[in-house]
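Please read the structure below before turning to the comments.
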Amino acid sequence: MGIIIKQSIKGSIWSYLGVIIGFVTTSYLYPNYLTTDIVGLFGLLMSYANLFGQFSLLGIHGITSRIFPVFRDKDSQHHGFLFISLIFFLVGFLLFLILFFSFSPWLIENNQEKSKLFADHIFLLLPLTFFTMIFIQLDTYNKVLYDSVPGIFLQEFLQRVLIFFVTVLFAIKWIDLNQLIWYYAVIICLKALIMIILLQHKEELRLRIDRHFVTPKLRTEIIDVGIFSIITGLGSMIVFNIDKIVINQMLDLSNTGVYTIAFYFGTLVAIPSRAILKISGALIADAWTARDMQKIKQIYYSSCINQFIIGGFLFLGVWANIDNILTILGPTYAASKWVIFFIGLGYLFDMMTGTNGHIIAYSPQYRIALAFILSLIVIVTSLLYFFIPLLGITGAAIAIASGLFLNNLMRYLFLLKRYKLQPFNIKFLAITLFFTTIYFIVQLIPQQSLILDIMIRGTIISLVSFVTFWMFPASVEISNLIQTVLKKFNF
């Protein structure tokens, strides 16, 4: 197996172990022991921290992804690339501090009535943004060193385990609400500290200065890519974090909490893509440097077909059990049903279009992504303000799903026209018909008791999918993976 599938498997294992923990936290502990305001606070803090962190990095994470292959040389400590990163980081965080202390009084006043809990804890955004910046950059750096698994372990597994434990401590009244909120913030920050220790252990955290390596031409390219990355990176974060912010402003913190829980279930389909895209990005960057279009084409197709199969399987599993999920969440979260559907559908389409964003981001025509993201910001923001008054949090989900669809459609059409890259074939239609057929068959099963019903539906979907993709291999990688599993069990 290649590096993509190997690291994807490792990353997915940690992701799904985290999903199990996260499912218990999100579906049982949050609805039963936390108010929707507290859940909304957690979601809102992370949305702002992600937005501020993305902007404050001043594009260095984009520079790392795109230009690091030029610097790659462990013997020379990558020609002082980390020192360049540190300069961007310090300047960016200083700008954040200036903006934060300028606008925080307005944020506090604006949220005093609808979201007092957020207004009371707004200064947590200082450490959350600082450590979010560290984690984003070091995770990106580790990714271009062909090691995407630690970041996934920290973000998808360890963080969720720790949040589970502190929520349990709150549920059994060993800690109070204020301590819960502070512990939550500490856990979010912790993964950045662990990433620092990890890179130090690998001897990849060296702040060497190599002035002679950065020529005027390379310096110009770094600045150019940095400016571009600020705009596109911030644009992406706006599109995929603004929903909670707008819901909080137009509705209240309680609705933000319900949406946050529903959003979690909707994004379950996208978990495997995080591992695939992280390692694929580094390989695509190297392929562009070598002008290896055949390799890019192969990665593009493999990412599309593999992600669509896995994402389709997970979306089917979630939607076939939607009534069971709503039963677990309770009546307070009844409005989350169609949020889960539209968010899940949007991310399924995002998975089906594979690594299109990375291919464009590392291509000579990477600036075209700026036009895509700017138009997307206008579209999503407009749809949020249009649909939320009409449909509440379901309207926000429709807006985000529409944004995912339009963004990937634009990317697909560009790659088709500019590079003649076309990953879709008849297999995608066959896979769609297969999952649709399985869904309607499962719907014929009479409703059973909660646990039994989940087990029956889940078992049928899993067994039929496993056998089908084993006997009729739509993907070489997934077929090989199934064969490997069968051999381990002596089949």
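Check 65, 27 and return the single one that is under 30 Å from residue 208 (Cα atoms), hydroxyl-bearing (Ser, Thr, Tyr) and touching a residue at least 24 places away in the same chain (Cβ under 8 Å).
That would be 65, the only listed residue that is under 30 Å from residue 208 (Cα atoms), hydroxyl-bearing (Ser, Thr, Tyr) and touching a residue at least 24 places away in the same chain (Cβ under 8 Å).
Based on what the data block shows, is residue 141 within 30 Å of residue 74 (Cα to Cα), of a type in the set (Ser, Thr, Tyr), modelled with pLDDT under 90 and assigned to a helix (DSSP H, G or I)?
yes
Quick check: is even one residue across region 373-396 at pLDDT below 90 and not in a helix (DSSP H, G or I)?
no
Checking the condition at pLDDT 85 or above, surrounded by fewer than 21 Cβ atoms within 10 Å (Cβ to Cβ) and assigned to a helix (DSSP H, G or I), which residue from 9, 5, 21, 13 passes?
When all the criteria are applied, what remains is 21.
Would you point out which residue out of 42, 71 is crowded, with 20+ Cβ neighbours inside 10 Å, touching a residue at least 12 places away in the same chain (Cβ under 8 Å) and more than 22 Å from the chain's Cα centre (by Cα)?
71
Residue-by-condition table, conditions (1) surrounded by fewer than 20 Cβ atoms within 10 Å (Cβ to Cβ); (2) modelled with pLDDT of 85 or more; (3) among the charged types (D, E, K, R); (4) within 19 Å of the chain's Cα centre (by Cα):
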site	(1), (2), (3), (4)
127	yes, yes, no, no
149	no, no, no, yes
153	no, yes, no, yes
175	yes, yes, no, no
182	yes, yes, no, no
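Condition first: under 14 Å from residue 357 (Cβ atoms) and at pLDDT below 70. Now tell me which residues in region 264-280 satisfy that. Spell out how you get there, then give the answer.
Filtering region 264-280 for residues under 14 Å from residue 357 (Cβ atoms) gives 270, 273-274, 276-278, 280.
Within region 264-280, 274, 276, 277, 278 qualify.
Can you find even one residue in region 286-299 that is over 19 Å from the mean Cα position of the chain (by Cα), more than 28 Å from residue 444 (Cα to Cα) and crowded, with 22+ Cβ neighbours inside 10 Å?
yes
On the basis of being modelled with pLDDT of 75 or more, part of a loop (DSSP other than H, G, I, E, B) and surrounded by fewer than 20 Cβ atoms within 10 Å (Cβ to Cβ), does residue 221 make the cut?
Spelling it out, it is not the case that residue 221 is modelled with pLDDT of 75 or more, part of a loop (DSSP other than H, G, I, E, B) and surrounded by fewer than 20 Cβ atoms within 10 Å (Cβ to Cβ).
Identify the residue in region 434-467 that is in a helix (DSSP H, G or I) and among the small types (Gly, Ala, Ser) and, among all such residues, is surrounded by the most Cβ atoms within 10 Å (Cβ to Cβ). Even if it seems obvious, please write down each step before you answer.
At the first step, the residues of region 434-467 found to be in a helix (DSSP H, G or I) are 434-443, 450-467.
Subsequent filtering for residues that are among the small types (Gly, Ala, Ser) retains 458, 462, 465.
Working: 458: 15, 462: 12, 465: 19.
Here the residue is 465.
The values are calculated or read from the model by the stated rules, or taken from the named source; none is laboratory data. Bear in mind that the values here come from a model prediction, so they are computed numbers and not experimental data. Neighbour counts run over all protein chains shown; Cβ positions are idealised from the backbone, glycine included.
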